[in-house]
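What follows is a set of notes on a single structure, which appears directly below.
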Amino acid sequence: METFFIKAVQLIASLAFLVIIHEFGHYIIARAFGIKVEKFYLFFNPWFSIFKWKPKPAATPKLDKNGKPKATWRDTEYGIGWLPLGGYVKIAGMIDESMDKEQMKQPEQPWEFRSRPAYQRLSVMLAGVVFNFILAILIYAGIAFYWGKQYTPLETAYEGMDFSHAAQDAGFRDGDVILEADGQRVDMSDNTALYHIADAKTVKVLRDSKDTICITLPSDFILKINNDEGFMQYRLPVFIDRVQGGSAASEAGLESGDRIVAVGGFPTPSYTELTKHLQEAKDRDVLLTIERDGKELELTAHPSADGKLGFNLKPLSEVYPSERLRYSFFAAFPAGWELGTSTLGAYVSSMRHVFSVEGAKSIGGFGAIGGMFPDRWNWLSFWEITAFLSVVLAFMNIIPIPGLDGGHALFVIIEIIIRRKPSEKIIEYSQYAGMMFLLLLLVYANGADIVRAILN
């Protein structure tokens, strides 16, 4: 329950931040063109709001060149809704999710969206997407400057990787060390390295420290690992960092720095095998083979009823040689741009797999997004995932589906091409259709999360 709560808090905090920036993009550009914004809300507020505030009108209203009141920030109602599925700005004179038909029946006003030139309306529509992408670049730049980039080169991870069932079905084996993907060395300093491996046609690995194997991946491999438990992770050798007082490990004589290499005669090259064999030996004596100061020793331990010994593992960065890239303040921004654009490119490329049976199965909702966050709060992970979601939000919103920013932009682009506005009825019906499609997609995605949770 605690894990669920921590993931949920991270998810809500991340999405709330992204939505605020996205909607602020629409708001600030609309205001820059003098367009009236009636509402600015974080989360949706059907029936009631958690909080709302509208500034008092100015004592002396500002007038335009025709002597009519100009739109100002005081025209906007600011609030927080109770339904955490996004947020919105309500722009006067625009057919949006509010479907305010009465307003559209009134004569056009100079401060309305519909009365403005096409380039202004297009700028307002694209602002949210642009702000989200800029935000991703700034977050990546901040990460590069503050944390730098620490990574473990694949070739230094001498115990190789642990692979998911889907990866093993494709030919990988636990312990394989990845050498090349499509003939190119894999650079783990690149945030999209795992994507490039999964998207490759062939991957060369070193198996059992001696055999070089070439694995040909199926064309839908990315979708298969999305529907499984992922792709791979570094195998973590069982080096003890700290022994817990009074634990089975302490009573057995284990010490900091020891490496457990076998349990009951079964090799434990990584923590994965250790947990498996300890579960099989729970609540009974078992022989541990350890390495200490270059010598091999045998100790007898009695794992607890839940198959635990009671010690902390050394972290990955202390087991395998790792590298860290450092960036100055000014160098961090090009690094942020490179990370943002490469992440966008990899995500766009992966979308080609969605339009298939396997792709439909891989679609996930808030549960799948929440599952990306770690079990414990970690600021580096939080910002890395938030930056990635900002890229995703930017791309998804630019898709030309009515109800999304891309749908609104499409109608403006059509208007520019044919030099005539599409009828308000066409836009209205398209908005209904788009919202219905998005609602069904939302239900399907979150329903798929529930089904996966039940099956797992």
Confirm whether residue 247 is touching a Lys or Arg at 6+ places or on another chain (Cβ under 9 Å), surrounded by 16 or more Cβ atoms within 10 Å (Cβ to Cβ), farther than 22 Å from residue 158 by Cα and modelled with pLDDT under 90. yes
Please tell me if residue 294 is within 22 Å of residue 157 (Cβ to Cβ), touching a Lys or Arg at 6+ places or on another chain (Cβ under 9 Å) and small (Gly, Ala, Ser). no
Being in contact (Cβ under 8 Å) with a residue 12 or more places away in the chain, in the same structural domain as residue 126 (by TED's automatic domain parsing) and either buried (at least 17 other Cβ atoms within 10 Å of the Cβ) or assigned to a strand (DSSP E or B) (or both): is that true of residue 86 here? yes
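Tell me, which residue of segment 151-161 that is surrounded by fewer than 21 Cβ atoms within 10 Å (Cβ to Cβ) and more than 22 Å from the chain's Cα centre (by Cα) is nearest to residue 179 (Cα to Cα)?
Just the residues of segment 151-161 that are surrounded by fewer than 21 Cβ atoms within 10 Å (Cβ to Cβ), to begin with: 151-153, 155-156, 158-159.
Restricting the remaining residues to those that are more than 22 Å from the chain's Cα centre (by Cα) gives 153, 155-156, 158-159.
Values: 153: 10, 155: 7, 156: 11, 158: 12, 159: 13 Å.
In this case the residue turns out to be 155.
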Taking the residues in segment 265-291 that are surrounded by 15 or more Cβ atoms within 10 Å (Cβ to Cβ) and free of Cβ contacts under 8 Å to residues at least 24 places away in the same chain as candidates, determine which candidate is nearest to residue 207 (Cα to Cα). 273
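Let's see how each residue does on (1) aliphatic (A, V, I, L, M); (2) at pLDDT below 80; (3) in a helix (DSSP H, G or I); (4) crowded, with 16+ Cβ neighbours inside 10 Å:
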| position | (1), (2), (3), (4) |
| --- | --- |
| 373 | no, no, no, yes |
| 387 | yes, no, yes, yes |
| 392 | yes, no, yes, yes |
| 409 | yes, no, yes, yes |
| 412 | yes, no, yes, yes |
| 434 | no, yes, yes, yes |
| 442 | yes, yes, yes, no |
| 453 | yes, yes, yes, no |
Please identify the pairs in which a residue from segment 180-191 that is in the same structural domain as residue 204 (by TED's automatic domain parsing) has its Cβ atom under 6 Å from the Cβ atom of a residue that is hydrophobic (A, V, I, L, M, F, W, C) and part of a loop (DSSP other than H, G, I, E, B), counting only partners at least 6 apart or on another chain. 181/200; 182/200
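For residue 31, are the conditions met, namely being closer than 25 Å to residue 424 by Cβ, of a type in the set (D, E, K, R) and either surrounded by fewer than 20 Cβ atoms within 10 Å (Cβ to Cβ) or modelled with pLDDT of 85 or more (or both)?
Answer is yes for this residue.
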Select the helices (runs of 4 or more DSSP H) contained entirely in segment 234-334, then report the ones holding at least 2 residues which are over 27 Å from residue 193 (Cα atoms). 248-252, 271-280
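If I filter segment 32-52 down to residues being in contact with a Lys or Arg (Cβ under 7 Å, 6 or more places away or on another chain) and assigned to a strand (DSSP E or B), which single residue comes out as farthest from residue 115 (Cα to Cα)? Step through it out loud before you land on a result.
First, the residues of segment 32-52 that are in contact with a Lys or Arg (Cβ under 7 Å, 6 or more places away or on another chain): 33-35, 37-39.
Subsequent filtering for residues that are assigned to a strand (DSSP E or B) retains 37-39.
Details: 37: 14, 38: 16, 39: 19 Å.
Only one residue tops the list, namely 39.
Can residue 29 be described as part of a helix (DSSP H, G or I), touching a residue at least 24 places away in the same chain (Cβ under 8 Å), under 31 Å from the mean Cα position of the chain (by Cα) and under 24 Å from residue 115 (Cβ atoms)?
Values: part of a helix (DSSP H, G or I): yes; touching a residue at least 24 places away in the same chain (Cβ under 8 Å): yes; under 31 Å from the mean Cα position of the chain (by Cα): yes; under 24 Å from residue 115 (Cβ atoms): yes.
Yes, satisfied.
Out of curiosity, is residue 400 in the same structural domain as residue 121 (by TED's automatic domain parsing) and surrounded by 13 or more Cβ atoms within 10 Å (Cβ to Cβ)? Before the answer, list the steps.
Values: in the same structural domain as residue 121 (by TED's automatic domain parsing): yes; surrounded by 13 or more Cβ atoms within 10 Å (Cβ to Cβ): yes.
Answer is yes for this residue.
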Return a yes/no flag: does segment 376-389 have any residue that is touching a Phe, Trp or Tyr at 6+ places or on another chain (Cβ under 7 Å), touching a residue at least 24 places away in the same chain (Cβ under 8 Å) and under 18 Å from residue 25 (Cα atoms). yes
Counting only residues that are at pLDDT 85 or above and in contact with a Phe, Trp or Tyr (Cβ under 6 Å, 6 or more places away or on another chain), give me the helices (runs of 4 or more DSSP H) lying completely in segment 138-231 with at least 1 of them. 165-170, 193-198
Listed by first then second residue, the pairs whose first member lies in segment 322-339 and is in contact (Cβ under 8 Å) with a residue 24 or more places away in the chain and under 18 Å from residue 384 (Cβ atoms), whose partner is surrounded by 12 or more Cβ atoms within 10 Å (Cβ to Cβ) and charged (D, E, K, R), with beta carbons under 6 Å and at least 6 positions apart or on separate chains, are 325/149
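The values are calculated or read from the model by the stated rules, or taken from the named source; none is laboratory data. What you are looking at is a predicted structure, and each value in this text was computed from that prediction instead of being measured. Here the Cβ is made from the backbone with ideal geometry for all residues, glycine too, and neighbour counts use every protein chain on show.
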